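S.K.: Take a look at this one; I'll ask things after.
The values are calculated or read from the model by the stated rules, or taken from the named source; none is laboratory data. Computed from a predicted structure; not experimentally measured. Virtual Cβ from ideal backbone geometry, glycine too; neighbours counted across all protein chains shown.
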Amino acid sequence: MFLDDPPRLIETKVFSAMPDHYRRKGEATSWADANRPGQPTDCFIEGPSFDVDGNLYIVDIPFGRIFRIAPDGNWSLVIEYDGWPNGLKIGSDGRILVADYKHGIMELDVRAARMQPVLTARNSESFRGCNDLHIASNGDIYFTDQGQTGLHDPTGRVYRLSPGGRLDCLIDTGISPNGLVLDPTETVLFVAMTRDNAVWRAPFMKDGNVSKVGRFCSTFGASGPDGLTMDTAGRLFVAHASLGHVFVFAPNGELIARIKSCAGPSCTNVAIGGRNRDRLYVTESVTGTVLIADISELNSSLLRA
């Protein structure tokens, strides 16, 4: 996983944890029964994304909630609805899109406190369970349809939805496709395949389809890679849902850093923030905690190189 020097270790600290009055202690949900059987689940946060004012939006999957965390760490409930919001991204135009496991791709209207459908089916067939999404600079929406796929059923899908409404299936053999991100040139798509314990690299051809898809990196553990983000230098940040780390890979696939959770082991998603984009925010889902790590050292090492 690394070639020369051992990967740099970066510690995290708690940015903010879900207040007790928002925790649903003792409440059973069908999502938790299927995905966390026998384990107490008072929340399961995911999908961090920043708005232009520096507020961090996150989802709480089993209870159909979306929260806004102010820069000072204070939480407010934006909406609670009948759904399982799994991934969330805020576009450059302020549009808030949600990958909902029940309903497909949704849009959050904050002012009206309403969820609106964007895409709920393909050719009249419901999705298996949308997990995460990424918005390209031209407005294309890339999203994963994970469902309960895995090595036993490698039929997870990765889609691209154009602003004009065209829907392309880019991958239909995914092994639990999860987080995804484009590289800085938007010519390569990276997809976390959780049950394959790997991140796949999918280059685009001139016609917009993908070709020569391969494993960019492989990990290990009871779960696998979950949420992804990438910085402007092309370094890939991979949240691992069972190892309690975010792994940082160079553009060539070398492991250059690992960011250690100071809370639980379930690091599910990541977002880069801060005035200089030198802070990494990490959702630790089981404890309902958002962690923060200083990644300025990575930027400094890039400058020295």
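S.K.: Just checking, does the stretch 204-216 include any residue being in contact (Cβ under 8 Å) with a residue 60 or more places away in the chain and surrounded by fewer than 21 Cβ atoms within 10 Å (Cβ to Cβ)? Let's see the steps before the verdict.
M.R.: Of all residues in the stretch 204-216, those in contact (Cβ under 8 Å) with a residue 60 or more places away in the chain come to none.
Within the stretch 204-216 (the criterion being in contact (Cβ under 8 Å) with a residue 60 or more places away in the chain and surrounded by fewer than 21 Cβ atoms within 10 Å (Cβ to Cβ)), the answer is no, since none of the residues qualifies.
S.K.: Of the numbered conditions (1) part of a strand (DSSP E or B); (2) of a type outside the set (A, V, I, L, M, F, W, C); (3) modelled with pLDDT under 95, Thr283 satisfies every one except a single condition; which is it?
M.R.: Going through the list (1) part of a strand (DSSP E or B); (2) of a type outside the set (A, V, I, L, M, F, W, C); (3) modelled with pLDDT under 95, Thr283 breaks only (3).
Let's see how each residue does on (1) touching a strand residue (DSSP E or B) at 6+ places or on another chain (Cβ under 7 Å); (2) over 19 Å from Ile292 (Cα atoms); (3) surrounded by 18 or more Cβ atoms within 10 Å (Cβ to Cβ); (4) hydroxyl-bearing (Ser, Thr, Tyr):
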{"residue": "Glu27", "(1), (2), (3), (4)": "no, yes, no, no"}
{"residue": "Asn35", "(1), (2), (3), (4)": "no, yes, no, no"}
{"residue": "Asp42", "(1), (2), (3), (4)": "no, yes, yes, no"}
{"residue": "Ile61", "(1), (2), (3), (4)": "yes, yes, yes, no"}
{"residue": "Phe67", "(1), (2), (3), (4)": "yes, no, yes, no"}
{"residue": "Glu80", "(1), (2), (3), (4)": "yes, yes, no, no"}
{"residue": "Ala113", "(1), (2), (3), (4)": "yes, yes, no, no"}
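S.K.: For the stretch 245-262, give me each residue that is crowded, with 21+ Cβ neighbours inside 10 Å and assigned to a loop (DSSP other than H, G, I, E, B).
M.R.: Ser261
S.K.: Filtering the stretch 173-183 down to residues that are more than 19 Å from Asp100 (Cα to Cα) and in a strand (DSSP E or B), which residue is nearest to the chain's Cα centre (by Cα)?
M.R.: Leu182
S.K.: Any chance the stretch 83-105 includes a residue that's over 23 Å from Asp145 (Cα atoms), small (Gly, Ala, Ser) and surrounded by 13 or more Cβ atoms within 10 Å (Cβ to Cβ)?
M.R.: Filtering the stretch 83-105 down to residues over 23 Å from Asp145 (Cα atoms) leaves 92-94.
From what's left, small (Gly, Ala, Ser): 92, 94.
Then keep just the ones that are surrounded by 13 or more Cβ atoms within 10 Å (Cβ to Cβ); that gives none.
No; the residues of the stretch 83-105 include none that is over 23 Å from Asp145 (Cα atoms), small (Gly, Ala, Ser) and surrounded by 13 or more Cβ atoms within 10 Å (Cβ to Cβ).
S.K.: Give all pairs with beta carbons closer than 6 Å in which a residue from the stretch 224-245 that is farther than 19 Å from Glu11 by Cβ meets a residue that is modelled with pLDDT under 95 and not in a loop (DSSP other than H, G, I, E, B); count only pairs at least 6 apart in sequence or on separate chains.
M.R.: Close Cβ pairs (under 6 Å, with a partner that is modelled with pLDDT under 95 and not in a loop (DSSP other than H, G, I, E, B)) amount to Ala233/Leu302.
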